[in-house]
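These notes concern the structure reproduced below.
The values are calculated or read from the model by the stated rules, or taken from the named source; none is laboratory data. For clarity, every value in this text was computed on a predicted model and none was experimentally measured. Here Cβ is always computed from backbone atoms with ideal geometry, including for glycine, and neighbour counts include all displayed protein chains. SASA here: full protein model, heavy atoms, side chains in, ligands and nucleic acids out. Shrake-Rupley method; radii C 1.70, N 1.55, O 1.52, S 1.80 Å.
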2 protein chains.
Amino acid sequence: VESGTHDDLITLEEMRAAADRLRGVVVRTPLLALGERGLVKAESLQPTGSFKIRGAYNALCQLGDDGRRNGVVSHSSGNHAQAVARAARLLGLRAVIVMPDNAPAVKVAGVRADGARIEFVGPANAERVARAHEIAGEQRMELVSSANDRRVIAGQATCGLEIAEQLDDLGLAPDEPVTVLAPIGLGGLAAGVATALKALRPATTVIGVEPALAADTRDSLAAGRPVAWPADQTGRTVADGLRGEAPAAIPFAHLQRHLDGVVVVDEDAIGHAVAAAVGQLKLVLEPSGAVTLAALMTHPEQLPEGRVVAIASGGNVDHDRLVGLLARVYHSPEWSASNPS
Amino acid sequence: VESGTHDDLITLEEMRAAADRLRGVVVRTPLLALGERGLVKAESLQPTGSFKIRGAYNALCQLGDDGRRNGVVSHSSGNHAQAVARAARLLGLRAVIVMPDNAPAVKVAGVRADGARIEFVGPANAERVARAHEIAGEQRMELVSSANDRRVIAGQATCGLEIAEQLDDLGLAPDEPVTVLAPIGLGGLAAGVATALKALRPATTVIGVEPALAADTRDSLAAGRPVAWPADQTGRTVADGLRGEAPAAIPFAHLQRHLDGVVVVDEDAIGHAVAAAVGQLKLVLEPSGAVTLAALMTHPEQLPEGRVVAIASGGNVDHDRLVGLLARVYHSPEWSASNPS
């Protein structure tokens, strides 16, 4: 079968081993109340400003001989890049990152600050992947993919383990139906979180969220195989972390097994969610990190009844973009109508 | 003696009882790394956007007969107002809040959203206090001061209990010298936190932070008694939560006993700290909530060696002020010089 046989999905044991490695490295991010039913998992507060440190650090703790000796190479639109750079610094490893030349300046600066070397290529995912493979071969470094790696998925799954524990702490019964929303770029976070929650709280509904301008995973799940969108199409969304043109194979196998659906959000909804995060949660979210809030605020009718955990996956947004976006939203008629002061 | 005899300070037992009452009501806010030595306690993530819910809820759980029957009245520049309104709603109590007519719109809207009634008076603290006493008398409601109340101070002290636990969790030995920075308005937070930390980790240095334009507590500690600044002077700082003209008597007694010093910060440093919180921590802080970061960033030479915990006390800032402040800071020469991209 094209999607794999599912018996190679990550195990609870791998996720728990990842959680042990990550102790003292990641923040146990809080669940913040939003409205009557929302709980926002603020992964934007992680070191390097996104959940990506979970997967990157877990992978870099388990390198093969080449990686331990010569370091790691990776490709990323930004947040995985920063996470690999940070994990490499913490573990004393060399790192080279292949990034698209349209990556936000704040993400480029983050990678540089942690001492990794950057190579820029064009915006398409395939260019980054190809160049990273070349570098790995030439320099005998180990390639650590941002999603297509079970060590990375197991690391991201620790976000799901925490959510399960935090729902317990809130006194929600194990069989209480809760919906968890995870953004989908290449699918690593949604794959890990869905697999963790289905193991620990099987009554949980896990739904992926994509920009309407990059709904490749929705289409892929409908087709039963990864379907690519052209890079010049996915490049149009403001959610720069979710422009991946197709789900990666290993996360896709997890999503086929464990994801309950996909909700898509439009660009206006994403902008309003960024502004609402500032106003109501006091969180700075990048557009990619706010798509789950956008789904909760704009499409509650597409979600089951009950509590909703929205994973706010990252906060790395360029200053000018943030200021411009907030100024635009705050002066829009829709915002004034729904936020009287 | 004018400052009291210190045997009436809050006890560890009162703080721990407060922590029990607050379980499930407040967020255990994370300590976020900032630079090599900073740890930021993100109290801006609390319900109502500031630490004030700790003291307000603890006080409202322990009302006398009038308060339980007829509700509570309070006076506040904004964050305590919102916290009292929320606590009253959670506990099913009536609430009236006396606010200055120059309070930020976001804080006024927060109070209204929780169903409390607002009465506006002029900007001076004394006007608010007088009107709140009047209302309490007329309507037989209980007055809950924002700082001059041991139930409130014990509630704010739970922030200090958490810091002590979190330092333990980070593996810092009990006798490791750590500096904790707390903002000072009327002094309730700094009083509670200092008393908690001196009880649990006596090696901790606790330093208050004030705007240079409202350094009344620095002057009061030097004089050995509360010294008032004129409201038209303290009204000049952008840190609207720290414009109180003199420390309140009960917190002042705690500060005299347990505070190790005061650092003052200028208005530019406060603006840069708000911008740094957005860029580096992904936190939205109000100016009052960022003064401790300003002290850490601008006056490290005034702090002891070692780790520094900066309490980021709140995040309630008007949209337009936030956008304007960020735009101004990002385009200042100092910011460009220290944040190359």
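Here are the numbers for this structure:
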| read-out | value |
| --- | --- |
| Simple Cβ-charge dipole of the protein assembly as shown, Lys/Arg +1 and Asp/Glu -1, about Cα centre, in debye nearest 20 | 440 |
| In nm, spacing of pseudo-spin labels at A:A105 and B:R28 (7 Å Cα→C-beta vector) | 4.0 |
| GNM top mover of A:E13, A:E210, A:E286 - chain A, alpha-carbon springs below 10 Å | A:E13 |
| Protein accessible area in the stretch A:187-341, 1.4 Å probe - carbon and sulfur % | 51 |
| Selected from B:L90, B:L293, B:G244, residue furthest toward positive end of dipole (chain B; charges at beta carbon) | B:L90 |
| DSSP bridge pairs, chain B: antiparallel proportion in percent, nearest 5 | 15 |
| Sum of side-chain charges, A:M99 neighbourhood, beta-carbon under 12 Å (Lys, Arg +1; Asp, Glu -1) | +1 |
| Å² per residue, accessible surface of the stretch A:31-111 at 1.4 Å | 28 |
| About the Cα centre, charge dipole magnitude for the stretch A:217-341 (Lys/Arg +1, Asp/Glu -1 at Cβ), debye | 280 |
| The stretch A:250-339 - accessible surface per residue (Å², probe 1.4 Å) | 35 |
| Cβ neighbours within 10 Å from other chains - mean over B:99-110 | 1 |
| Residue pairs, from the table A:K107/B:K282; A:K41/A:K282; A:K198/B:K282, whose Cα atoms sit over 19 Å apart | A:K198/B:K282 |
| Average partner coverage of A:312-319, which counts Cβ from other chains inside 10 Å | 3 |
| Rounded accessible area of A:K198 (nearest 10 Å², 1.4 Å probe) | 40 |
| List of the stretch A:168-206 residues, accessible area with partners at least 10 Å² below that of the chain alone (1.4 Å probe) | none |
| Accessible surface ranking that places the most exposed of B:E134, B:E245 first, with a 1.4 angstrom probe | B:E134, B:E245 |
| Accessible area buried, both sides summed, chains B and A with 1.4 Å probe, Å² | 2100 |
| Average partner coverage of B:44-53, which counts Cβ from other chains inside 10 Å | 2 |
| Order of exposure, largest accessible area first, which applies to A:E267, A:E305, B:E162, A:E127 with probe 1.4 Å | A:E305, A:E127, A:E267, B:E162 |
| Percentage relative contact order, chain B, counting C-alpha pairs under 8 Å, at least six apart | 20 |
| Residue among A:G55, A:G324, A:G38 with the largest mean-square fluctuation in a Gaussian network model of chain A, springs linking Cα atoms under 10 Å | A:G324 |
| Accessible solvent surface per residue of the stretch A:127-240, calculated while the other protein chains remain in place, 1.4 angstrom probe, Å² | 34 |
| Accessible surface, 1.4 Å probe, highest first, among residues B:H299, B:H133 | B:H133, B:H299 |
| With all protein chains modelled, accessible area of B:D240 [1.4 Å, Å²] | 20 |
| Efficiency of FRET between A:E305 and A:A223 - r from beta-carbon atoms, R0 35 angstrom, step 0.05 | 0.75 |
| Extension gain, A:E334 back to A:A203 (0.36 nm per residue minus Cα-Cα distance, nm) | 43.6 nm |
| Cβ crowding within 10 Å averaged over residues, with A:215-224, A:66-75 ranked highest first | A:66-75, A:215-224 |
| Antiparallel %, DSSP beta bridges [both residues in the protein assembly as shown], to 5 | 15 |
| Part-to-part distance (alpha-carbon centres) for the stretch A:66-138 and the stretch B:116-160, which is given in Å | 54 |
